[in-house]
Amino acid sequence: MSTDSKNMNTTTENGLPTILPDLSAHQTEGDVDRLRLIENGQVIPAVIHEDINDEDIILEINKLNLWYGNAQALYDITFEVPRGKVTSLIGPSGCGKSTMLRCVNRINDLIDSVRIEGDMIIDGDSIFAPGVDVIELRKRMGMVFQKPNPFPMSIYENVVYPLRIDGVRDRAELDEVCERSLRGAALWDEVKDRLRESGLSLSGGQQQRLCIARAIASDPEMLLLDEPCSALDPVATAKIEELIQNLSGDYSILIVTHNMQQASRLSDYTAFMYLGNLIEFGPTYKIFSKPETKETEDYVTGRFG
Amino acid sequence: MSNELNNPFAATDQERQAREKEKFIKLSTQLITWLLVIPVVAIIVFLVYKSWPALSVEFITENPKVRMTAGGIWAPLIGTFFLVLVSLIIAAPIGILAGVYLNEFARDNWLTRFINLAVVNLAGVPSIVHGLFGLGAFVYFLGMDRCLLAASCTVAVMTLPVIITSTKEALASVPMAFRVACWNMGATKWQTIRTIVLPNSISGILTGVILQVARAAGETAPILFTGAMISSRVADSGWDAWVPYGLEDRFMALSYHLYIISTQWQNVPESFKFGTAAVMIGLVIAVNSISIGFRIYLRSRKKW
């Protein structure tokens, strides 16, 4: 029972009263209620499993705080996302999973009232540094949303859209990227004879795979998936899940999901969030089989949330 | 009684009353809506009936002759055409660009709200006030004198608010998800607008512009002081018949012509007055039909 956490002694750094001497020792104390403390506005240091230290890191999230106007939505989030693996964010609605994801490609910038403190470092480069061009940053990320959102244009044009906005006109290059991306998204065999048809003529699951093809067309470093299966039927969901597993390795994938079976099936690492706080982060099998906090255990076994 | 006992779903008195009330409300709203058609049909039938003796191809293609008691309405008709054309050339780009800015770029702050308020209020300004504004601003202050250009500018100012508003509405009807998807791929706002937003809203924008044709063609007050003239010598054939007015010329226009022959001129046959009105109404109906056709086409193509 490893209860060590590298964040264990940050309580005073956060300026909090040290009424929480050793949170990870809940198994022995049993009645430190983190959830109630969080609801009362305390910032609780997360429990980070040590296994992440052995991984190659692509994204470092460092004391990330986020406010919508005056309402704080993320509190001191600190963890690291491994390269070439699938990392899932789980937690009850409103816990800040999607907000977290949208910070990575700074799409939150488009909301006027958002204010961010802390930093995220991708491959050694700060995302929030003054000189960062969000356009360039977003080209290094591919994002897929809950609801499939192909453009009302042909399947072909949907996939090569990222190249079009970069001014690529070379037909051979476009054709090659189109085929490679559609193959990557496991859609090529289904649509290769009708690339000129509208992307909106596809079924929901195919549309979502089209969106994934579009997201990987510009060869991004990370894929950000925001509940990509929640609008799909079980068959389409299974296909997308298989696809995500095939894509990991080539891409580092960060996925937000409501579905805990999905998180446990798909991901290598799991972060459990609650009301804007990270509670626990570690290898998926540990989070789901022997979590270090009682709250995570309660959540993954369906006792709350 | 026994029947009611057997039927567990029989209506109670209260439900029966509610049902009666519903019937009454439905019938009265239906009746009032149907009544709306009467004025339109009456105007058209009356106009066609009264103008029948004058209506002919010559009535449209010939210039007014013999102190407007003979000939046709070619000179004012072509004048109205150029008035509409020039005013749209001025108003459409300005209105569409302003609509794009307000819907796609502008942040929600006091300046944006002030601009929106100004647009709404501009739409509510009476047309005679537009006419006087045009007289002061274009004819005198900018020194254009009374001419086709000054009148077109005045009409353009008048049609701007509706073009801006309809552009904004057409752009707003493009789902936000498309824009977000573009931005996530690293497209700039302008790339997003050019490749996704405009192609999917252009029919709606054009519909709004076309609807303004009818308005520009019909208004009398804005051109009254800014360029319309009672009578102009227009060639009967050849190039000069098609382009009789330069931008700096005064011109004849249908609406003003109708006003003149109805109130200022003696001995004009009655069928000429109604004929002019009928041609104007015909133009408006034709233009509106085009715009309705556009709208139907737009809806049939939309798949989201």
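The values are calculated or read from the model by the stated rules, or taken from the named source; none is laboratory data. For clarity, every value in this text was computed on a predicted model and none was experimentally measured. Note that each Cβ is placed from the backbone with ideal geometry, even for glycine, and that neighbours are counted across all protein chains shown.
Answer yes or no: is there a residue in region B:156-176 that is in a helix (DSSP H, G or I), at the interface with another protein chain (Cβ under 9 Å from one of its Cβ atoms), surrounded by fewer than 21 Cβ atoms within 10 Å (Cβ to Cβ) and modelled with pLDDT under 95.
No.
Given the criteria without any contact (Cβ under 8 Å) to a residue 60 or more places away in the chain, out of contact with any strand residue (DSSP E or B) (no Cβ under 9 Å at 6 or more places or on another chain) and not in a helix (DSSP H, G or I), does B:V129 qualify?
So B:V129 fails the test.
Could you check how many residues of region A:242-273 are farther than 30 Å from A:S218 by Cβ and surrounded by fewer than 24 Cβ atoms within 10 Å (Cβ to Cβ)?
Total meeting the criteria: 3.
Give me a count of the residues in region A:201-224 that are hydrophobic (A, V, I, L, M, F, W, C) and at pLDDT below 90.
Residues meeting the conditions: 0.
Can you find, within region A:205-240, the residue that is nearest to the chain's Cα centre (by Cα) among those that are surrounded by fewer than 16 Cβ atoms within 10 Å (Cβ to Cβ) and not small (G, A, S)?
So the residue we want is A:E221.
With the structure loaded, tell me whether B:A177 is in the same structural domain as B:T80 (by TED's automatic domain parsing) and either more than 25 Å from B:L211 (Cβ to Cβ) or in contact with a Gly (Cβ under 9 Å, 6 or more places away or on another chain) (or both) or whether it fails that test.
So B:A177 passes the test.
Scan region B:100-124 for residues that are among the hydrophobic types (A, V, I, L, M, F, W, C), within 14 Å of chain A (Cβ to nearest Cβ) and surrounded by 11 or more Cβ atoms within 10 Å (Cβ to Cβ) and jot them down.
Answer for region B:100-124, where residues must be among the hydrophobic types (A, V, I, L, M, F, W, C), within 14 Å of chain A (Cβ to nearest Cβ) and surrounded by 11 or more Cβ atoms within 10 Å (Cβ to Cβ): B:F105, B:A106.
Which members of region B:245-284 meet the condition of being β-branched (V, I, T) and without any contact (Cβ under 8 Å) to a residue 12 or more places away in the chain?
B:T263
Among the candidates B:R215, B:R179, B:R194, which residue alone is out of contact with any strand residue (DSSP E or B) (no Cβ under 9 Å at 6 or more places or on another chain), closer than 28 Å to B:G293 by Cβ, basic (K, R) and in contact (Cβ under 8 Å) with a residue 12 or more places away in the chain?
B:R215
For region A:71-138, which fully contained strands (runs of 3 or more DSSP E) count at least 1 residues that are within 14 Å of chain B (Cβ to nearest Cβ)?
Because the criterion is at least 1 residues that are within 14 Å of chain B (Cβ to nearest Cβ), the strands (runs of 3 or more DSSP E) in region A:71-138 that meet it are A:114-122.
I'd like to check which helices (runs of 4 or more DSSP H) are fully inside region B:7-122 and have at least 1 residues that are touching a His at 6+ places or on another chain (Cβ under 8 Å) and touching a residue at least 60 places away in the same chain (Cβ under 8 Å).
Helices (runs of 4 or more DSSP H) meeting the threshold: B:74-100.
Could you figure out which of (1) crowded, with 24+ Cβ neighbours inside 10 Å; (2) touching a strand residue (DSSP E or B) at 6+ places or on another chain (Cβ under 9 Å) isn't true of A:S154?
For A:S154, the exception is condition (1).
Please note which helices (runs of 4 or more DSSP H) are completely contained in region A:244-301 and include at least 2 residues that are within 19 Å of A:P45 (Cβ to Cβ).
Result: A:284-289, A:294-300.
Identify, from the list A:I58, A:I38, the residue that is more than 14 Å from chain B (Cβ to nearest Cβ), surrounded by 15 or more Cβ atoms within 10 Å (Cβ to Cβ) and not in a strand (DSSP E or B).
Sole residue among the options that is more than 14 Å from chain B (Cβ to nearest Cβ), surrounded by 15 or more Cβ atoms within 10 Å (Cβ to Cβ) and not in a strand (DSSP E or B): A:I38.
Could you please find all residues in region A:131-148 being of a type in the set (A, V, I, L, M, F, W, C) and within 15 Å of the chain's Cα centre (by Cα)?
Once the filter is applied, which keeps residues that are of a type in the set (A, V, I, L, M, F, W, C) and within 15 Å of the chain's Cα centre (by Cα), region A:131-148 yields A:M141, A:M143, A:V144, A:F145.
I'm checking my understanding of the structure. Among residues of region A:185-213 that are farther than 23 Å from A:L223 by Cα and either assigned to a loop (DSSP other than H, G, I, E, B) or among the hydrophobic types (A, V, I, L, M, F, W, C) (or both), which one is nearest to the other protein chains (Cβ to nearest Cβ)?
A:E197
Away from chain A (no Cβ under 12 Å), surrounded by fewer than 22 Cβ atoms within 10 Å (Cβ to Cβ) and not in a helix (DSSP H, G or I): does that describe B:G143?
Spelling it out, B:G143 is indeed away from chain A (no Cβ under 12 Å), surrounded by fewer than 22 Cβ atoms within 10 Å (Cβ to Cβ) and not in a helix (DSSP H, G or I).
If you take just the helices (runs of 4 or more DSSP H) that sit entirely in region B:227-304, which of them hold at least 3 residues that are away from chain A (no Cβ under 14 Å), surrounded by 15 or more Cβ atoms within 10 Å (Cβ to Cβ) and modelled with pLDDT of 90 or more?
Those helices (runs of 4 or more DSSP H) span B:254-263, B:270-301.
Does B:T69 meet the test of being crowded, with 22+ Cβ neighbours inside 10 Å and among the hydroxyl-bearing types (S, T, Y)?
no
May I ask you to say which residue of B:L97, B:L27, B:L31 is within 30 Å of B:V119 (Cα to Cα), surrounded by fewer than 19 Cβ atoms within 10 Å (Cβ to Cβ) and modelled with pLDDT of 90 or more?
B:L97
Taking into account only those residues within region B:181-197 that are hydrophobic (A, V, I, L, M, F, W, C) and facing another protein chain (nearest Cβ under 7 Å), which is nearest to the chain's Cα centre (by Cα)?
Filtering region B:181-197 for residues that are hydrophobic (A, V, I, L, M, F, W, C) and facing another protein chain (nearest Cβ under 7 Å), the one nearest to the chain's Cα centre (by Cα) comes out as B:I196.
Could you list, in sequence order, the residues of region A:154-175 that are assigned to a loop (DSSP other than H, G, I, E, B) and within 11 Å of chain B (Cβ to nearest Cβ)?
A:D166, A:G167
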